[in-house]
Every structure is written in C-alpha cells, then in structure tokens.
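Any read-out appearing in this document is the output of simple, stated calculations on the displayed coordinates, not a laboratory observation. Worth saying up front: this structure is predicted, and the values here are computed from it rather than measured. Virtual Cβ from ideal backbone geometry, glycine too; neighbours counted across all protein chains shown.
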Amino acid sequence: MTFDLFDSLPPEADDNPIETLAPGAVLLRRFARDDDDALLAAVRDVTDRAPWRHLVTPGGLRMSVAMTNCGSYGWVSDRTGYRYDPIDPDSGLPWPPMPAPFLSLAWRAASAAGYDGFAPDACLINRYQPGTRLSLHQDRDEQDLGAPIVSVSLGLPATFLFGGLRRADRPTRIRLVHGDVVVWGGPSRLVFHGIAPLADGDHPVLGHERINLTFRKAR
Ligand code: MD6
Ligand code: FE
C-alpha cells in the first residue's frame, strides 16, 4: 500500500500527498491547514445566525452530533425523514449564505482531486465533542449523485470509518486530523461511512472539539 501511494505521486507532491482511499475517493492530507482561521471565523458567522442543534432521526433518536448548515439548502432530519430544505426550521429563515472561504476551499479541493468545476449549494457543518459519534450511513439525499462531496476536518483527530456499498461491509479506519480534506464521488459516492466515538484531547485551535464541513451539490 505504501509503495502504491508514493509511486503514484509526482515528486514535488511529497509534502502534500494525494492518497487514494477507493476509486473516486481521495484524501488530501492537510489541504485546508492554512485556511483554518478563515474557515473557523466563517463557521462562527454561520452559527451566530443558525445555531448548533441536535437533530432527531426519523426513528426518534437525538443525534449526538450537533449540526447546522449554510448555502441555498440545508440538510435536516426530523420525525418525517431526511431532506434538503431552503429554510432553517428553527428560525423560519433561509440558511446563511455560503461564506467565500468555504466556496474557494471546496472548489480547490475538488479540483485537486480531479473533479473540476465543483459548485456546492449546501454545506452541512458537524460539531463533535468527546464521545460524539456518527453511525454508518450513506449520503444519498442529494439529487445529483454525479457531483462529489468535499469533507473538511478541523480540530481533534477522528477515526473515519470507510466501508463499502453494503452496510455489512467491514469499514477501514482512517485517521483524519486538522486540515485533512476527503473528496469522494464516482464509484465511491454511495459508500457507507461514519465516525467512531471521538476521543478526548486538547487541540491548539479548537480545544475539545472537532468540526467537519461537508460540501454538497444538493439540487
Ligand atoms: C465527518 N462526514 O467527517 C462526517 N459524508 O464528520 C461525513 O458524513 C461525510 O466526510 C459524506 C462525505 C464525506 C464525509
Ligand atoms: Fe456522510
């Protein structure tokens, strides 16, 4: 595996390797590291207007991840199901617009991964605290499954569970740290994935939290 990874890299990319996780899915280690201040300031602008909340699954369980959204559509879950909604149900207002640093990072990461012209219209923002987990799921509520998803990790490290196309496929465990970006689409677009319970730690920028941004083309 190590041989494949380094063999596929152009020589100048040693300090920013593009690691293939599966066909269509790549890990850009530390790609967003230098954008962290701008991204986190933008997260604060969003959460001032659309505060963190714990959604309820259609089965009635409160999710341990706190969530909010920005962009033209937000992903929401309630007793009636999952959907993309242009209105924040908590405020009755449209979601905050997608901040410029979000759009720029998502476009650059998608492009580096081989997906040109990515123009997300939704960003789901997840907040994890020690013990928070996200159980195995597929992201399949988007209309255009041809577009990739760009996922940015900030703060405490997490163990990403990357499974297969069947729920029963045993996931591989991938450590994601501050600034890591995962881009996936194509044959991996509907892979089951999740986050193992977050281990406690003290991150220099985010303390006891992990924040994840996932950029999508919802419509
Ligand atoms: C997380 N990410 O990293 C959860 N979904 O906190 C996701 O659920 C996810 O990273 C779709 C595509 C990429 C992801
Ligand atoms: Fe997901």
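Of note:
- Residue-averaged 222 nm ellipticity for the chain, from DSSP H runs of 4+ at -39500 (n - 2.57), nearest 500: -4500 deg cm²/dmol
- For the peptides 88-98, 166-176, residues were scored by their other Cβ atoms within 10 Å and the scores averaged per peptide; the highest-first order is 88-98, 166-176.
- Relative contact order [Cα under 8 Å, 6+ residues apart], region 81-126, whole percent: 25 percent
- Using only side-chain charges placed at the Cβ, +1 for Lys and Arg and -1 for Asp and Glu, the dipole size of region 61-219 relative to its Cα centre rounds to 500 debye.
- Whole-angstrom Cα spans of the chain along principal axes, big to small: 51, 38, 37
- Computed Kirkwood radius, in angstrom, where 1/r is averaged over Cα pairs of region 95-219: 15.0 Å
- Label-point gap, in nm, between ASP200 and ASP45 - each point 7 angstrom along Cα→Cβ: 3.5 nm
- Distant-in-sequence amide contacts of ALA218, defined by a placed amide H-H separation under 5 Å and a gap of 5 or more residues or a different chain, comprise ASP121, ALA122.
- For region 45-159, relative contact order (Cα pairs under 8 Å, six or more residues apart, normalised by length) works out to 25 percent.
- Karplus (6.51, -1.76, 1.60) ³J(HN,Hα), θ = phi - 60°, over region 56-63, in Hz, Gly and Pro reported as x: 10, 6, x, x, x, 8, 7, 6
- Farthest toward positive dipole pole in region 76-120 [+1 Lys/Arg, -1 Asp/Glu at C-beta], among VAL76, SER91, GLY117: GLY117
- Using the average count of surrounding beta-carbon atoms within 10 Å as a protection proxy, the listed peptides 129-140, 64-75 rank, highest first, as 64-75, 129-140.
- J(HN,Hα) series, region 187-194, from Karplus relation 6.51 cos²θ - 1.76 cosθ + 1.60, nearest Hz, glycine and proline x: x, 9, 4, 10, 5, 6, 7, x
- 0 to 90° range, to nearest 10: angle between helix 100-112 axis and the chain longest Cα axis: 40 degrees
- Acute angle (nearest 10 degrees) that the helix 36-49 long axis makes with the longest principal axis of the chain, alpha-carbon atoms: 10 degrees
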